[in-house]
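Inspection log for the structure reproduced underneath, given as structure tokens.
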Amino acid sequence: MSKEEEIYLTNEGLEEIKKELDYLKTEKRPEVIEALKEARALGDLSENAEYDAARSEQTEVEARIAELEKMVEKAVIIKESSKNKVSIGSKIKIEYVDDKEVETYTIVGTNEANAFENKISNESPLVKAILGKKKGDIATVLCDAGNYDVKIIDIL
């Protein structure tokens, strides 16, 4: 599997995906199939809004199932990270050098990234700049809005 195909997930993230996949396959898919049967029974399919809506929902459900199955197939579980250098799975405390603001983040794969939980993607400019760095290192983050420096305060 090439690096582009790998999908980095924590164990918790993989379990959430499996839970959604199970729900879609065991509950949602049969519900949509039943809605299609009922809409077909109404007659003329060319002007049947219920049928069109059910087909549209079926397309969405099947696409999401395929997407989740691909994620499970290509999942690479993030192992417990080293406290010596920044890696995927690390929880880090950094200082933005210019304004001395300190933030704590957890580095996760793109599918689990969530700004509200301070979970940042391994593909973000910030993480790309600090991967492999050690406590006390300063890294320059390259981004379109302008470059900035961060200092790694701690790897938790």
For the subset of the stretch 4-35 comprising residues that are surrounded by 14 or more Cβ atoms within 10 Å (Cβ to Cβ) and in contact with a Lys or Arg (Cβ under 7 Å, 6 or more places away or on another chain), which member is nearest to Ile77 (Cα to Cα)?
Ile7
Within the stretch 57-90, tally of residues that are open to solvent by 40 Å² or more (accessible area, probe 1.4 Å), of a type in the set (S, T, N, Q) and either closer than 24 Å to Asn11 by Cα or modelled with pLDDT under 95 (or both)
2
Go through (1) of a type in the set (Ser, Thr, Tyr); (2) within 14 Å of Arg64 (Cα to Cα); (3) within 16 Å of the chain's Cα centre (by Cα) one by one and return the number of the condition Tyr8 breaks.
(2)
Which residues, counting only those in the stretch 95-109, are surrounded by 10 or more Cβ atoms within 10 Å (Cβ to Cβ), modelled with pLDDT under 95 and not β-branched (Val, Ile, Thr)?
Gly109
Checked Leu142, Leu126 against criteria (closer than 30 Å to Met71 by Cβ, surrounded by fewer than 17 Cβ atoms within 10 Å (Cβ to Cβ) and among the aliphatic types (A, V, I, L, M)); the one match is Leu142
Looking only at residues that are charged (D, E, K, R) and out of contact with any helix residue (DSSP H, G or I) (no Cβ under 9 Å at 6 or more places or on another chain) in the stretch 6-29, which one is farthest from Ala113 (Cα to Cα)?
Glu27
Restricting to the stretch 90-135, give me the number of residues that are among the small types (Gly, Ala, Ser) and within 13 Å of the chain's Cα centre (by Cα).
5
Given the residues Val76, Val32, Val72, Val108, which is the only one that is among the hydrophobic types (A, V, I, L, M, F, W, C) and under 19 Å from Leu156 (Cα atoms)?
Val108
Which residue, of Tyr51, Tyr96, Tyr23, is among the aromatic types (Phe, Trp, Tyr) and under 30 Å from Gly146 (Cα atoms)?
Tyr96
Testing Glu112 on (1) buried (at least 17 other Cβ atoms within 10 Å of the Cβ); (2) at pLDDT 95 or above; (3) among the acidic types (Asp, Glu), one condition comes back false. Which one is that?
(2)
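Inside the stretch 22-128, counting only strands (runs of 3 or more DSSP E) that do not spill past its ends, which hold 1 or more residues that are more than 30 Å from Glu5 (Cβ to Cβ) and without any contact (Cβ under 8 Å) to a residue 40 or more places away in the chain? Step through it out loud before you land on a result.
On the way: elements: 75-77, 91-96, 101-108, 119-121.
Result: 101-108.
The values are calculated or read from the model by the stated rules, or taken from the named source; none is laboratory data. These numbers come from a predicted model, not from an experiment. Quick reminder, even Gly has a Cβ in these numbers, built from the backbone with ideal geometry, and neighbours come from all protein chains shown. Accessible surface is based on the protein model in full, side chains and every heavy atom, while ligands, DNA and RNA are left aside. Shrake-Rupley method; radii C 1.70, N 1.55, O 1.52, S 1.80 Å.
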